[in-house]
Amino acid sequence: MAERIYHRLPGRGRQFLNSSTLWEAADHLLLVQSHLVSESYRRFFFRDVQALVVCETKSGLVMTIVLAALGALACVPMAFVPDGWWMAFVALALLFFLPALINFLRGPTCRCTLRTAVQTQDLPSLNRLKIARKVLARLQPKIAAVQQDATP
Amino acid sequence: MTTPAPLTCPKCQAAITGLLASPGAPRPCGACGRLLEGWSFPALQRPPAPARLAEALVAVEDAGCFYHAQSRAQVPCDLCGRFLCALCDVELHGQHFCPGCVNTGKKKKQIRNLDTDRLLYGGIALMIALLPVLLFWPLTIITGPLAIFVAVYGWNKPPSLTGTGRGSAIVAIVLGLLETAAWILLFLGLFKAF
């Protein structure tokens with residue numbers, strides 16, 4: 001069996017019918033954008049990476065609050081419905097509370113960018129601070145080592 | 001010497017200073033106040049590489065570039081062997097290519113590092129097999145065999161660069177076979193009934 005060139009890094013950025021993942025090769029990163037039946041690729045060679053910047057965002061917190069509020073709203077009719085019907089509203093509330101809990105447990109969100117001499121590229125798969133730190137801690141020594149070797 | 005452009009906050013695009021003095025340590029953006037963490041590498045301080053210029057032929061015995069006869073050849077193309085000057089040499093992953101081979105290699109997907117997109121036949125076959133089941137099942141009389149055909153047709157086509165995609169082709173073939181078998185059984189049953 002052929003040796004695998006790419007190894008998947010943690011994290012996945014999701015949009016409607018699209019997703020984005022980051023893969024690591026020996027000397028470059030591969031950003032894969034999946035569009036249901038096709039994929040597009042962007043490569044970032046370790047020797048070209050100038051900086052990686054992570055910015056904490058509030059979108060995760062806002063999403064948790066919105067979902068929890070919707071769950072709470074779904075609980076309100078329970079006080080006014082006949083016996084037995086409350087179960088339906090508990091189920092409806094859970095539909096909001098569970099994603100809110102999962103979103104909360106995944107931790108704060110962030111936006112990560114990679115800079116080279118000619119571009120600044122968003123890395124949508126690194127959208128959670130915990131994952132971004134983990135991935136960047138793994139990449140940082142590799143990029144530094146490649147650039148140290150390349151220094152004349 | 002040119003100084004590199006300052007790093008910018010990914011959220012507000014304001015220039016950030018001092019972030020790289022303490023790599024990885026959180027620090028608020030001066031403009032939007034969001035917490036930033038950054039790592040910089042020696043490439044940030046590296047001056048831009050000087051533009052490569054083709055050298056003129058100095059002696060009659062010098063080999064000339066295939067594309068520019070007046071320029072001295074420096075390397076041969078690793079695919080077609082044409083002599084190339086510094087201007088025509090496209091260095092990619094330690095290999096040297098001429099512009100023509102780069103163009104052909106990209107079109108024919110011969111140079112792996114030039115692949116920027118791939119069609120996933122397994123995914124297409126799976127969609128063909130699955131969508132009619134969810135939306136309008138009588139269509140499966142056509143889409144079942146079609147899904148098998150697309151999955152088999154795409155089996156030897158280049159898969160995803162990351163090595164994934166065969167799984168969806170297998171699922172599509174199984175689904176296509178099940179749909180086709182269901183229709184055959186239905187027709188056999190009807191044939192016996194009448």
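One residue stands out in the stretch A:40-60 among those that are in a strand (DSSP E or B) and in contact (Cβ under 8 Å) with a residue 60 or more places away in the chain: the one that is surrounded by the fewest Cβ atoms within 10 Å (Cβ to Cβ), namely A:ARG42.
Scanning the stretch A:119-129 for residues that are more than 8 Å from chain B (Cβ to nearest Cβ) and either under 17 Å from the mean Cα position of the chain (by Cα) or aliphatic (A, V, I, L, M) (or both) gives A:GLN121, A:LEU123, A:PRO124, A:SER125, A:LEU126, A:ASN127, A:ARG128, A:LEU129.
The residues on offer are A:VAL118, A:VAL81, and the sole one that is within 25 Å of B:PRO48 (Cα to Cα) and part of a loop (DSSP other than H, G, I, E, B) is A:VAL118. If you go through the stretch B:25-57 and keep only what is within 9 Å of chain A (Cβ to nearest Cβ) and not in a loop (DSSP other than H, G, I, E, B), you end up with B:LEU35, B:LEU36, B:GLU37, B:GLY38, B:TRP39, B:SER40, B:PRO42, B:ALA43, B:LEU44.
Is it the case, given these coordinates, that A:ALA132 is within 13 Å of chain B (Cβ to nearest Cβ), surrounded by 14 or more Cβ atoms within 10 Å (Cβ to Cβ), in a loop (DSSP other than H, G, I, E, B) and out of contact with any Phe, Trp or Tyr (no Cβ under 8 Å at 6 or more places or on another chain)? The answer is no for A:ALA132. For the condition within 12 Å of chain B (Cβ to nearest Cβ), farther than 17 Å from B:TRP39 by Cβ and in contact with a helix residue (DSSP H, G or I) (Cβ under 8 Å, 6 or more places away or on another chain), A:THR116 does not qualify. Among the residues of the stretch A:41-67 satisfying the criterion of being polar (S, T, N, Q) and within 11 Å of chain B (Cβ to nearest Cβ), which is farthest from A:CYS110 (Cα to Cα)? Applying the filter and picking the extreme gives A:GLN50. Can A:LEU101 be described as within 14 Å of chain B (Cβ to nearest Cβ) and under 19 Å from the mean Cα position of the chain (by Cα)? No, not satisfied. The set of residues in the stretch B:85-127 that are at the interface with another protein chain (Cβ under 10 Å from one of its Cβ atoms) and either part of a helix (DSSP H, G or I) or among the basic types (Lys, Arg) (or both) comprises B:ARG112, B:ASN113, B:LEU114, B:ARG118, B:TYR121, B:GLY122, B:GLY123, B:ILE124, B:ALA125, B:LEU126, B:MET127. Does B:ALA147 satisfy being surrounded by 19 or more Cβ atoms within 10 Å (Cβ to Cβ), more than 9 Å from chain A (Cβ to nearest Cβ) and closer than 26 Å to A:TYR6 by Cα? Here the answer is no, as B:ALA147 does not meet what is asked.
Looking at the stretch B:68-90, which of the residues that are under 16 Å from B:LEU114 (Cβ atoms) and touching a strand residue (DSSP E or B) at 6+ places or on another chain (Cβ under 8 Å) is modelled with the highest pLDDT?
Going residue by residue through the stretch B:68-90, those that are under 16 Å from B:LEU114 (Cβ atoms) are B:77-80, B:89-90.
Next, from what is left, pick out any that are touching a strand residue (DSSP E or B) at 6+ places or on another chain (Cβ under 8 Å): B:77-79, B:89-90.
On the way: B:CYS77: 91, B:ASP78: 87, B:LEU79: 85, B:ASP89: 88, B:VAL90: 87.
Restricting to residues being under 16 Å from B:LEU114 (Cβ atoms) and touching a strand residue (DSSP E or B) at 6+ places or on another chain (Cβ under 8 Å), the top hit is B:CYS77.
There is at least one residue in the stretch A:98-114 that is hydrophobic (A, V, I, L, M, F, W, C) and closer than 30 Å to B:LEU119 by Cβ.
So that you can scan it fast, the table gives a plain yes or no per residue for (1) of a type in the set (D, E, K, R); (2) within 11 Å of chain B (Cβ to nearest Cβ); (3) touching a Cys at 6+ places or on another chain (Cβ under 7 Å):
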| site | (1), (2), (3) |
| --- | --- |
| A:TRP23 | no, yes, no |
| A:HIS28 | no, yes, no |
| A:SER34 | no, yes, no |
| A:GLU39 | yes, yes, no |
| A:GLY71 | no, no, no |
| A:PRO77 | no, no, no |
| A:PRO82 | no, no, no |
| A:LEU95 | no, no, no |
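Apart from one condition, B:PRO10 fits all of (1) touching a strand residue (DSSP E or B) at 6+ places or on another chain (Cβ under 6 Å); (2) more than 7 Å from chain A (Cβ to nearest Cβ); (3) modelled with pLDDT of 70 or more; the exception is (2).
The values are calculated or read from the model by the stated rules, or taken from the named source; none is laboratory data. Being a predicted model, the structure only gives us computed values, none of them experimental. Don't worry about glycine lacking a Cβ; one is built from the backbone with ideal geometry, like all the others, and counts go over all protein chains shown.
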